[in-house]
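Engineer: Can you keep this structure in mind? I'll have questions shortly.
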Amino acid sequence: MTNFASRPTVIAACLAMGFGPALAQTAEKPVVTIKKDVSPVKPPEPPATPAPAAPPEEADVPSVVVAAERPTNRIDRQVYDVKSDVGSSNGSAADALNSVPSVAVDPDGSVTLRGSSNVQILIDGKPSAMMQGDNRGASLNAIPAEDIESVEVINNPGAQFGNEAGGGPIINLVMRRSRRPGGFGVINANGGTAGRYNSAVSGTYNSGVFGFQGGFNVRHDGRASTNETVRDRIDSLSGGMVHSTQFGSMSGLSNNKGGNGGITYNIGAKDTLAASMSFQIRDNDQSSQDRYQRYAAAGAVDSDYTRSTHRGGEARNYGWGARWEHKGSIDGESMKVDLRVTSADNTFNNAYQNVYAITPVGALDQKSYQDNVTGNRIVDFTGDYELPVDRAMIKLGYKVADNRSDFDTLYTSVDPVSHQPYVNVQRSNRFHLDEKNLAVYGSYQTRLNDKWGVLGGLRIEHTDLDVEQLTSHVSAANSYTSYIPSAYATYKWSDDTNLRFSYAHRLRRPNANELNPFVIYRDEYNVSAGNPHLSPTKTDSFEVGYETRIAGMETNLRAYHRRDSDSILIRRYFISDTVLLTTPANGGRSNASGLEFTVHGKITPALSVNASGNLGHTEQDLVDIYGFTSTRTASSLSGRLRLNYKATPDDDLQAAVQTMGRQLIGQGMRQPNTTVNFSMRHAFTPKLSLVLNVTDAFDANRIETITDTASLKENSIRRSDGRIVYVGLSYRLGGFTPGPGSIMRQGGGQGQGQRGSGGGGR
């Protein structure tokens with residue numbers, strides 16, 4: 001074994017608890033909006049011991065459904081209700097995230113938060129294999145938005161959250177779960193342009209000591225796209241510029257089907273057992289065609305060929321879990337033990353056909369095949385203990401996790417003379433990574449007085465990492481211990497105004513793709529490789545928040561600063577006269593600062609507005625291939641404006657404008673873009689509704705990136721199917737009967753219960 005990091009191995013033997021902690025949610029005001037404005041009411045003094053149903057941070061969380069996108073803030077996170085969005089019945093999880101302030105999901109499924117792509121996505125507070133690597137984008141586009149209860153944005157994660165899957169800020173998808181007695185069901189059926197469709201059925205039933213829930217969904221969807229890349233590089237011999245272009249198109253809609261189920265059993269008054277399972281299956285059928293042209297330094301075309309690709313295969317994601325919850329003898333005392341196992345297996349087969357007008361130097365393949373099999377399995381075993389002490393809450397927890405990733409690429413070329421296939425060993429690759437993680441954490445939260453609430457904690461993680469490059473018979477290992485502190489405070493300025501303060505230290509560990517050193521063939525001009533010498537990125541994040549009501553509008557301002565060291569950036573440089581290598585590398589430091597704001601309220605009784613934005617500034621060190629360091633900067637304004645108009649008691653209209661500002665990415669920069677969406681919902685009856693969604697109404701969405709270095713200048717533009725129209729029906733069964741003309745929504749029991757389940761150790 002070769003140790004590729006110079007860090008000594010330190011094994012954590014004890015749990016150090018953070019001091020100076022935080023929260024008494026009772027020090028914050030709950031302001032809820034139902035059908036008319038409700039004036040804020042100062043909450044009463046809490047009892048000496050917390051109520052048994054919830055820890056102190058949830059004592060003042062309103063158990064009602066609020067307007068779409070309205071945040072229900074807690075001391076360490078912001079909670080957004082997305083289920084009441086007009087288009088939730090035919091949208092996906094990606095659509096739901098695109099309605100959350102400062103979160104953006106592009107057509108490829110890439111997620112950014114405040115302009116940073118270093119984001120963890122959890123499901124009910126736990127990591128999932130389906131949200132790792134290349135699986136994430138496809139999974140977000142396959143999960144129905146209807147299945148999501150709320151979205152939690154945790155910019156500065158606390159001690160109970162680990163550093164898996166990126167270690168950066170967290171987006172937690174809280175899935176729907178109803179605990180109220182009786183049955184409830186939802187049936188959605190939707191059709192869209194270009195043959196798209198989706199449908200879903202879900203329901204819950206609770207009676208006596210048993211509770212059941214489950215659902216099933218199918219989706220036929222996707223985005224066709226076109227791309228164009230113009231590239232110039234300095235010729236090493238002549239010193240002149242060498243010009244090349246790539247123009248391509250891709251088409252194909254994917255078929256997705258998924259399901260989930262769960263059961264709970266109450267053993268007496270103090271113990272509950274629960275089990276759950278889920279699956280998601282999708283195909284990988286796509287077709288594409290790309291034309292590549294290269295011009296010599298003198299200006300003449302010296303390479304011109306077209307490659308046709310057909311992609312097939314299937315991706316399968318599975319998960320199961322078991323949970324035990326115990327209420328102690330003291331009011332508010334509880335113990336939770338949770339086991340989750342998730343796996344993602346992806347098989348895709350590429351068939352290439354090259355037609356050469358002018359054959360590139362060294363090109364041999366006219367016909368070839370690339371078979372890829374990837375697998376990821378996560379075992380996550382956690383325990384969380386909560387103990388109220390006077391007006392405070394102590395939390396202790398542990399985590400034992402194992403994350404295994406496997407990659408197997410077989411590249412087969414066909415001899416142009418004999419037409420016999422043979423294994424191309426230079427493009428075939430097997431790689432295995434095993435990451436074991438042991439963590440303990442402790443936190444202390446209390447209310448200091450009528451004004452101040454504090455929360456503080458410390459997490460200790462020990463990581464063992466084993467890397468095996470099976471193709472080249474190279475093994476490597478790394479082992480290190482991390483200490484991760486966090487602290488929060490709230491100050492109740494007045495009945496209408498709160499101040500919030502937070503700090504967290506985090507690690508961003510490289511993933512399996514980033515560590516795999518094998519050079520992977522993309523096409524004749526492009527290859528990629530990982531870097532086994534990557535060190536984790538260390539992040540310190542600070543935030544100050546101001547929450548108030550201005551002219552009846554709920555207003556939130558948050559100033560933040562994030563400082564990264566050993567940042568993992570994408571470097572691109574030529575390894576031959578024609579081939580460009582893309583690889584990650586530690587790039588020094590980067591800083592991001594900004595001001596985030598949200599405003600929500602009613603302009604008239606029928607018209608409400610939800611506006612949010614992020615004014616950010618980023619600085620990033622860049623090391624070129626010659627070893628010289630330069631600093632790049634970018635300032636940008638991103639934002640959303642959503643207008644909701646209740647035209648009649650049965651009709652809701654919504655218009656949304658979303659703009660993304662300029663972003664630094666690796667050695668390049670992503671240009672701004674703006675999209676506009678429209679939605680409409682008509683209630684035929686309190687249970688039956690018609691929903692219409694128009695995405696990117698003006699067909700304006702595109703991803704443009706610019707790279708400008710000493711050796712490479714490149715402009716790349718990708719356009720996806722923009723304007724997509726969906727129309728469908730949503731029918732709800734059971735549950736309570738709403739008032740005339742209103743839309744039935746699930747109520748407080750499930751939201752309260754789900755928030756509790758999402759707050760445990762990770």
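The values are calculated or read from the model by the stated rules, or taken from the named source; none is laboratory data. Keep in mind that what you see is a predicted model, and the values were worked out from it rather than measured. Reconstructed Cβ throughout: ideal geometry from the backbone, glycine too, with neighbour counts over all protein chains shown. Side chains are part of the model used for accessible areas, which takes the heavy atoms of the whole protein and leaves out ligands, DNA and RNA. Shrake-Rupley method; radii C 1.70, N 1.55, O 1.52, S 1.80 Å.
Engineer: Measuring with a 1.4 Å probe in the full set of protein chains, what accessible area per residue, in whole Å², belongs to region 380-470?
Structural biologist: Ligands and nucleic acids excluded, the figure is 42 Å² per residue.
Engineer: Find the relative contact order for region 124-199 and round it to a whole percent, using C-alpha pairs within less than 8 Å whose residues are 6+ positions apart.
Structural biologist: The value is 28 percent.
Engineer: Let's test the formula: R0 of 25 Å, r as the Cβ-Cβ distance of Tyr197 and Val657. What FRET efficiency results, to the nearest 0.05?
Structural biologist: With R0 = 25 Å, the Cβ-Cβ based efficiency is 0.35.
Engineer: Moving on to the next point. Hey, rough spin-label estimate for Lys602 and Thr633, points 7 angstrom out along Cα→Cβ, what's it come to in nanometres?
Structural biologist: It works out to 4.5 nm between the two label points.
Engineer: In what order, largest first, do Tyr491, Tyr726 sit by accessible area if the probe radius is 1.4 Å?
Structural biologist: Largest accessible area first, the residues go Tyr491, Tyr726.
Engineer: Could you please tell me the mean projected area of the C-alpha convex hull for region 460-518, averaged over all directions and given in square nanometres to one decimal?
Structural biologist: Quarter of the Cα hull surface area: 6.0 nm².
Engineer: If I compute solvent accessible area with a 1.4 Å probe over the protein chains, what percent of it on region 290-339 is carbon and sulfur?
Structural biologist: 55
Engineer: Another one. Could you calculate the contour length gain from Lys436 to Asp415, that is, 0.36 nm times the residue separation minus the distance between their Cα atoms, to one decimal place in nm?
Structural biologist: Extra length available between Lys436 and Asp415 comes to 3.2 nm.
Engineer: Hey, any idea what % of region 399-509's accessible area is carbon plus sulfur with a 1.4 Å probe?
Structural biologist: 58
Engineer: Further question: Based on the Cβ-Cβ distance from Leu733 to Ala300, what FRET efficiency comes out when R0 is 56 Å, to the nearest 0.05?
Structural biologist: With R0 = 56 Å, the Cβ-Cβ based efficiency is 0.20.
Engineer: Give me the extension gain from Tyr483 to Tyr422: residue separation times 0.36 nm, minus the current Cα-Cα distance, reported in nm with one decimal.
Structural biologist: Contour length minus the Cα-Cα distance gives 16.9 nm.
Engineer: OK, next. Return the FRET efficiency for the residue pair Trp324, Lys257: r is the Cβ-Cβ distance, R0 is 25 Å, and the value is rounded to the nearest 0.05.
Structural biologist: 0.20
Engineer: Another question, then. Taking the alpha-carbon centroid of each part, what is the distance from region 479-537 to region 329-386 in angstrom?
Structural biologist: About 19 Å separates the Cα centre of region 479-537 from the one of region 329-386.
Engineer: A follow-up question, please. Quick check: net charge around Val417, other residues with Cβ under 15 Å of its Cβ, Lys/Arg +1 and Asp/Glu -1?
Structural biologist: Computed value for this residue: -1.
Engineer: Can I ask one more? Between Val209 and Asp523, what is 0.36 nm times their sequence separation minus the Cα-Cα distance? Round to one decimal in nm.
Structural biologist: The Val209-Asp523 span can extend by a further 107.2 nm.
Engineer: Hey, quick one: spin label on Val609, modelled 7 Å out along Cα-Cβ, who in region 80-101 has an amide N within reach, i.e. under 13 Å?
Structural biologist: Flagged as within label range: none.
Engineer: Which order do the peptides 505-513, 251-259 come out in when sorted by mean C-beta neighbours inside 10 angstrom, highest first?
Structural biologist: Per-residue mean Cβ counts within 10 Å order the peptides as 505-513, 251-259.
Engineer: Here's another thing I want to ask about it. Order the following by accessible area, largest value first: Leu448, Leu499. Probe radius 1.4 Å; ligands, DNA and RNA are ignored.
Structural biologist: Leu448, Leu499
Engineer: Per residue, how much accessible area does region 128-261 show when a 1.4 Å probe rolls over the protein heavy atoms, in square angstrom?
Structural biologist: Result: 34 Å² of accessible area for each residue.
Engineer: Any idea of the accessible area per residue across region 580-649, 1.4 Å probe, to the nearest Å²?
Structural biologist: Heavy-atom SASA per residue in region 580-649 reads 46 Å².
Engineer: Now, a different point. Report, to the nearest whole %, how much of the accessible area of region 554-619 belongs to carbon and sulfur atoms, 1.4 Å probe, protein only.
Structural biologist: Ligands and nucleic acids excluded, carbon and sulfur reach 62 percent.
Engineer: Would you kindly find the accessible area of Tyr731, with a 1.4 Å probe and non-protein molecules such as ligands, DNA and RNA excluded, rounding to the nearest 10 Å²?
Structural biologist: Surface accessible to solvent at Tyr731 totals approximately 90 Å².
Engineer: Another one. Packing-wise, with mean Cβ within 10 Å as the measure, how do 100-112, 420-432 rank, highest first?
Structural biologist: Sorting 100-112, 420-432 by mean packing, highest first, produces 100-112, 420-432.
Engineer: Across region 345-496, how large is the tail of the calculated P(r) beyond 28 Å, expressed as a percent of all Cα pairs?
Structural biologist: Looking at region 345-496, the distances longer than 28 Å represent 54 percent of pairs.
Engineer: Then there's this: Between Val474 and Ala275, how many nm apart are label points set 7 Å from Cα along the C-beta direction?
Structural biologist: Output for this residue pair reads 4.5 nm.
Engineer: From the residues Pro517, Ala477, Gln445, which one has its Cα farthest along the dipole of region 441-561 in the positive direction, the dipole being from +1 and -1 charges on Cβ of Lys/Arg and Asp/Glu about the Cα centre?
Structural biologist: Gln445
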